[in-house]
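Visitor: There's a structure below that I have some questions on.
The values are calculated or read from the model by the stated rules, or taken from the named source; none is laboratory data. Being a predicted model, the structure only gives us computed values, none of them experimental. Don't worry about glycine lacking a Cβ; one is built from the backbone with ideal geometry, like all the others, and counts go over all protein chains shown. Ligands, DNA and RNA are excluded from the accessible area calculation, which covers all protein heavy atoms including side chains. Shrake-Rupley method; radii C 1.70, N 1.55, O 1.52, S 1.80 Å.
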Amino acid sequence: MKILAIETSCDETAVSILECTGDEHGAEFRILGNALISQIDLHREYGGVYPALAKREHAKNLVPLLASALEEAELLHEDTQSIPHDVHESLVTILSREGELCEALLAFLSESERPDVDAIAVTAGPGLEPALWVGVSFAKALSLAWNLPIVAADHMEGHILSSLLTTNDGITYELPKPKLPLLALLISGGHTELVLMKNWLSYELVGQTRDDAVGEAFDKVARMLDLPYPGGPEVSLLAEQNREDATTNPFTLPRPMLHDPHSDFSFSGLKTAVLYLTKGKELTDIQKQQLAHEFENAVGDVLYAKTLRALDDTQAKTLAIGGGVSANTHVRRMFTEKLSRDLPDTLLRIPSRALTGDNAIMIGVAGYFHALRQEFTAPEQLVANGNQSLSSAV
Ligand code: KG4
Ligand code: ZN
């Protein structure tokens, strides 16, 4: 089955085409085409993602990305097409809020043949709702124009499943059947959650942050250290520098909820503790490195302790880590080292670095498994839901 996947939930616009085979007992995904534009440079001057700008950029980028992904997949065949009047009218209605996108899509459709794909997967949530709507409306329009079924994919499910992918060449990915139950630690800019998959694609929330998401805490701490957005990689860089030549660290930060008897997290107190240490002070470069180092240690300690507790509570056999913060070197190293020592029989899965950030490959993978179950959403029923939750949505 060939899946055309679309991701626009935050500040990455992405379109991928995947050739998918197999099922939950073992699947294979060949990336036929993959096109992505990151908006990070544009949002940097606002110090975070600016939703109106994200929406505008998605609308501008989707048609060029679609063309480029199809071309890479050798599925783009130029030929003059006449768009039936009723289809034309419906497309204009579906994209009534996206004038520029509508014009670009109509032009594209009038000069390209319907490609040989079987289904569309689009991120319906969670994420920034105005941004999600651009992708969702685009998917509806393509579904209508090319008569393709749509899977409404969950962004967080994409992050979980992408941690299970293995590859040797970055083109063909295998997804072997994971040992269940699987516990997923989801760490991104908007989420910090522990989610249990007892049965394939069915989820229960085990714990979550009571305030800030871990990526958000990284981004806020980065701002306090005068580092640009997105702060996670910047803080990580400083911390790693200090790890190399660390002697003693003058900073001590709290590990919120470390010993509390539940699997929830809290990062706002940690962030405030950093604020007190930085407010009105001119920190030296070394002090910034030390503070970043201690902050990352505090985050890592809490994430690990809470995950270990949840693994014990749930008796999960696989731990999957997903979301943007799973790119963090300290988190990857610490979980790998400690888990092999503490729970050597638990399988740890972390996405390859190429897949830690938002992308459409993970949306295609999630979409495929639901397409196998014929879980399609009729275009008129498809909505973007910024607050979509995995444990109730799937
Ligand atoms: O999953 P993602 O790309 O977008 C959301 O769905 O939120 O996650 C983005 C978050 C940002 O907060 C970013 O600072 C953080 O992931 N991040 C990192 C690293 N790379 C990205 N945090 C810590 N260390 C990193 N290396
Ligand atoms: Zn994400």
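Visitor: Regarding segment 265-394, what are the three Cα extents along the principal axes, ordered largest first, in Å?
Guide: Computed over the Cα atoms, the extents are 57, 39, 28 Å.
Visitor: Using only C-alpha atoms and all pairs of different ones, pull out the Kirkwood radius for segment 3-96 in Å with one decimal. Spell out each step's value before the answer.
Guide: Values: mean 1/r = 0.0645 Å⁻¹.
By the Kirkwood definition, the hydrodynamic radius is 15.5 Å.
Visitor: Moving on to the next point. State, to one decimal in nm², a quarter of the convex hull surface area for the C-alpha atoms of segment 150-271, i.e. the direction-averaged projected area.
Guide: Details: hull surface 44.8 nm².
Mean projected area for segment 150-271: 11.2 nm², to one decimal.
Visitor: Once the principal axes of the Cα atoms of segment 164-224 are found, what is the range along each, listed largest first in whole angstroms?
Guide: Between the extreme Cα coordinates on each principal axis of segment 164-224 lie 42, 31, 12 Å.
Visitor: Determine the per residue accessible area of segment 1-123 with all protein chains present and a 1.4 angstrom probe, expressed in square angstrom.
Guide: Ligands and nucleic acids excluded, the result is 46 Å² per residue.
Visitor: Additional query: For the peptides 27-35, 197-205, 40-48, what is the packing order when you average, over each peptide's residues, the other Cβ atoms within 10 Å and list the highest mean first? Display every interim value, and only then the final one.
Guide: Numbers: 27-35: 20.4, 197-205: 15.7, 40-48: 13.4.
Per-residue mean Cβ counts within 10 Å order the peptides as 27-35, 197-205, 40-48.
Visitor: Between His85 and Asp260, what length comes free when the chain is fully extended (0.36 nm per residue of separation minus the Cα-Cα distance, one decimal in nm)? Write down the numbers at each step before the final one.
Guide: Working: separation 175, 0.36 × 175 = 63.00 nm, distance 6.27 nm.
Full-extension gain reported as 56.7 nm.
Visitor: Based on the mean of other Cβ atoms within 10 Å per residue, sort peptides 133-146, 349-362 so the most packed one is first.
Guide: Details: 133-146: 23.9, 349-362: 22.1.
Peptide ranking by packing, descending: 133-146, 349-362.
Visitor: Between segment 16-42 and segment 286-322, what is the C-alpha centre distance in whole Å?
Guide: Going from one Cα centre to the other spans 28 Å.
Visitor: Here is a follow-up. Cα atoms only, the chain: Rg and Dmax in Å?
Guide: Here Rg and the maximum Cα pair distance are 21.7, 72 Å.
Visitor: Measure out, as a whole number of angstrom, how far apart the alpha-carbon centroids of segment 220-243 and segment 137-179 sit.
Guide: Going from one Cα centre to the other spans 31 Å.
Visitor: Taking a cut-off of 28 Å between Cα atoms, list the lysines near Lys140, but don't count ones fewer than 8 places away on the same chain.
Guide: List returned: Lys2, Lys55, Lys60.
Visitor: For the ranges 283-289, 365-371, 327-333, what's the packing order if you count other beta-carbon atoms within 10 Å of each residue, average per peptide, and put the highest first? Don't skip to the end; give the middle numbers.
Guide: Numbers: 283-289: 15.6, 365-371: 25.9, 327-333: 18.7.
Sorting 283-289, 365-371, 327-333 by mean packing, highest first, produces 365-371, 327-333, 283-289.
Visitor: Turning to a different aspect of this structure: Any chance you could list P(r) for segment 179-350, counting all Cα-Cα pairs in 5 angstrom bins from zero, rounded to whole %?
Guide: Reading the bins upward from 0: 1, 9, 18, 22, 20, 14, 9, 5, 2, 1, 0.
Visitor: If you take every DSSP beta bridge whose two residues both sit in segment 179-350, what share of them, in percent to the nearest 5, is antiparallel? Present the calculation step by step, with values, prior to reporting the outcome.
Guide: Details: 12 of 21 bridges.
Percent antiparallel among DSSP bridges in segment 179-350 is about 55.
Visitor: Using a simple charge model, +1 on the beta-carbon of Lys and Arg, -1 on the beta-carbon of Asp and Glu, nothing else, what dipole does the chain show about its Cα centre, in debye to the nearest 20? It would help to have the intermediate numbers written out before the result.
Guide: Details: 31 positive and 55 negative charges, 271 e Å.
That gives a dipole near 1300 debye.
Visitor: Give the residue list of GluC sites (Glu not before Pro) in segment 209-291 that are DSSP loop and have at most 12 other beta-carbon atoms within 10 angstrom.
Guide: Details: sites: Glu216, Glu234, Glu240, Glu244, Glu282; in loops: Glu282.
Loop-located and lightly packed - Glu282.
Visitor: Just how far, in whole angstrom, is segment 356-394 from segment 43-84 if you go by their alpha carbon centroids?
Guide: Computed from Cα coordinates, the inter-centre distance equals 19 Å.
Visitor: What does the charge count around Tyr203 come to, taking other residues whose C-beta lies under 14 Å from its C-beta (Lys +1, Arg +1, Asp -1, Glu -1)?
Guide: On the way: positive: Lys198; negative: Asp154, Glu157, Glu193, Glu204.
Net local charge, Tyr203 excluded: -3.
Visitor: Please work out, to two decimal places, the log10 of the ratio I(q)/I(0) at q = 0.14 Å⁻¹ from a Debye calculation in which every Cα of segment 129-203 carries one identical scatterer.
Guide: These q points yield log10 I(q)/I(0) values of -0.66.
Visitor: Something else now. Sorted by accessible area with a 1.4 angstrom probe, largest first, how do Val383, Val221 fall? Display every interim value, and only then the final one.
Guide: On the way: Val383 85, Val221 0 Å².
Reading off the accessible areas and sorting them downward yields Val383, Val221.
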